[in-house]
Amino acid sequence: MSNHSSSSASSSATSLPKVALIATGGTIAGVAPTPLEQISYQAGVLTVDSMLETLPGIEGVARITSVQCGNLPSENITPEHWAMLGEQCAKALDDPEICGVVLTHGTDTLEESAFYLHLTLASPKPVVLTGSMRPATSLSADGPINIRDAVAVAACPQAQARGALLVMNSRVLSARTAVKVATLDVEAFRALESGCLGRVINGEPQFYYGREENPALAGTFAELARRQNLPRVDVIYGCAGMPVDLVRYSVERSAGIVLAGMGNGSMPDAVRHELRQAIAGGIPVIRCSRTGSGPVTPLDEYEGFVPGGMLSPAKARVLLMLALEQQKNAEPAQRMLSVREVFALGAKL
């Protein structure tokens, strides 16, 4: 990723809060052949400064300092990019003038990057991620209003000390619980069990709840924020008649496994046998669900497996990668215990 900085501020608005706007590409920076096209487009084309030109009046919400930190569709985001985004956010948060950060990002892997930043950034200042479901050239593009709302949240004192946040379609969500639930709709992200933290109404953030004293797992892995070579963790999708050799392939190459199981994290007997052997060999296996809603709970027949609780398979993978890196020098038994402890905390509602 390449970095480029610029700033826009009015001398008459120096009393306004200052927000760093970091752009990484995605649909929000996408361009389609015509204004009527909302599905076929090229993501990650427009720069952050050109996006700001579509936001008349943003200078009345906050003073903006903009940073172009790459420009790519989010399906190409890697853990190495997570480290660079964490470093860029940490640099902005260290500036005493800046009260919060907004990060524009493609929606396909937005929940993973958001959860990574939630886990690795310890500052109480808000980091707010946003994106769009329609390209910037669309007749009814949702990107500009999402940026305006995200900036308003980042500049809001009530947003502090809540961990990383996600703002889209006027909803304010926790990065720990937000998941993508739609392929095309602008109402693309929800926290299915816990609900949203608040709304932005006509540019004014309104939070439904007070701040948690210590948001679960926020900043837990701050010492790993710039670590690029995280352990490999594979996600295996559970389905009827799933091939055991695919499971074996991942076990032989991964430091940990996340199973997107059926129902309450179930799997075929042959797969369970294979993964039990992996656990006996010191490889943690997290049971999640492909259903998209509801907790995965402990079950006697899955003793030894780590229940993923409320975490989606994608989020469980991020958490396991960081937990394994943090415990890479520990004995296998201690490493497994640490993984269990961190999932017991992070997988709650």
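The values are calculated or read from the model by the stated rules, or taken from the named source; none is laboratory data. Keep in mind that what you see is a predicted model, and the values were worked out from it rather than measured. In this analysis, Cβ positions are derived from the backbone assuming ideal geometry, glycine residues included, and neighbour counts consider all displayed protein chains. Protein only, heavy atoms only, side chains kept; ligands, DNA and RNA dropped before computing areas. Shrake-Rupley method; radii C 1.70, N 1.55, O 1.52, S 1.80 Å.
Key figures for this structure:
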{"read-out": "Hits in region 41-68 - residues which are assigned to a loop (DSSP other than H, G, I, E, B) and either at positive phi or open to solvent by less than 70 Å² (accessible area, probe 1.4 Å) (or both)", "value": "Ala43, Gly44, Val45, Leu46, Thr47, Leu55, Gly57, Val61, Ala62"}
{"read-out": "Selection status of Leu322, assigned to a helix (DSSP H, G or I) and under 24 Å from Arg227 (Cβ atoms)", "value": "yes"}
{"read-out": "Hits in region 281-312 - residues which are open to solvent by less than 10 Å² (accessible area, probe 1.4 Å) and closer than 19 Å to Cys239 by Cβ", "value": "Val285, Ile286, Arg287, Cys288, Val296, Phe305, Gly308"}
{"read-out": "Positions within region 188-205 being in a loop (DSSP other than H, G, I, E, B) and either touching a Leu at 6+ places or on another chain (Cβ under 9 Å) or within 23 Å of Pro295 (Cα to Cα) (or both), in sequence order", "value": "Ala188, Ala191, Leu192, Glu193, Ser194, Gly195, Cys196, Leu197"}
{"read-out": "Number of positions in region 144-169 that are open to solvent by 30 Å² or more (accessible area, probe 1.4 Å) and under 21 Å from Gly25 (Cα atoms)", "value": "4"}
{"read-out": "Options Lys328, Lys315: the member that is in contact with a helix residue (DSSP H, G or I) (Cβ under 6 Å, 6 or more places away or on another chain) and either among the basic types (Lys, Arg) or open to solvent by 60 Å² or more (accessible area, probe 1.4 Å) (or both)", "value": "Lys315"}
{"read-out": "Flag if Ala141 is touching a helix residue (DSSP H, G or I) at 6+ places or on another chain (Cβ under 9 Å) and open to solvent by 10 Å² or more (accessible area, probe 1.4 Å)", "value": "yes"}
{"read-out": "Residues of region 227-252 satisfying the condition of being in contact with a strand residue (DSSP E or B) (Cβ under 6 Å, 6 or more places away or on another chain), open to solvent by 30 Å² or more (accessible area, probe 1.4 Å) and not hydroxyl-bearing (Ser, Thr, Tyr)", "value": "Val235"}
{"read-out": "Residue ID - nearest to Ile145 (Cα to Cα), chosen from residues in region 199-226 that are in contact with an Asp or Glu (Cβ under 6 Å, 6 or more places away or on another chain) and open to solvent by less than 100 Å² (accessible area, probe 1.4 Å)", "value": "Val200"}
{"read-out": "Any pair with Cβ under 8 angstrom, 6 or more apart, that starts in region 27-45 at a residue that is of a type in the set (Lys, Arg) and ends at one that is surrounded by fewer than 20 Cβ atoms within 10 Å (Cβ to Cβ) and part of a helix (DSSP H, G or I)", "value": "none"}
{"read-out": "Some residue of region 253-263 being of a type in the set (Val, Ile, Thr), exposed (fewer than 13 other Cβ atoms within 10 Å of the Cβ) and either at negative phi or under 22 Å from the mean Cα position of the chain (by Cα) (or both)", "value": "no"}
{"read-out": "Residue identified as under 18 Å from Val200 (Cβ atoms) and in contact with a strand residue (DSSP E or B) (Cβ under 7 Å, 6 or more places away or on another chain) among Leu110, Leu93, Leu52", "value": "Leu110"}
{"read-out": "Conditions (1) of a type in the set (Gly, Ala, Ser); (2) farther than 30 Å from Leu93 by Cβ; (3) within 24 Å of the chain's Cα centre (by Cα); number of the one not met by Gly282", "value": "(3)"}
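Here's the yes/no breakdown for (1) open to solvent by 30 Å² or more (accessible area, probe 1.4 Å); (2) under 22 Å from Val181 (Cβ atoms); (3) in contact with a Pro (Cβ under 7 Å, 6 or more places away or on another chain); (4) not small (Gly, Ala, Ser):
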{"position": "Gln88", "(1), (2), (3), (4)": "no, no, no, yes"}
{"position": "Lys91", "(1), (2), (3), (4)": "yes, no, no, yes"}
{"position": "Asp95", "(1), (2), (3), (4)": "yes, no, no, yes"}
{"position": "Gly100", "(1), (2), (3), (4)": "no, no, yes, no"}
{"position": "His105", "(1), (2), (3), (4)": "no, yes, no, yes"}
{"position": "Glu111", "(1), (2), (3), (4)": "no, yes, no, yes"}
{"position": "Phe115", "(1), (2), (3), (4)": "no, yes, no, yes"}
{"position": "Pro126", "(1), (2), (3), (4)": "no, no, no, yes"}
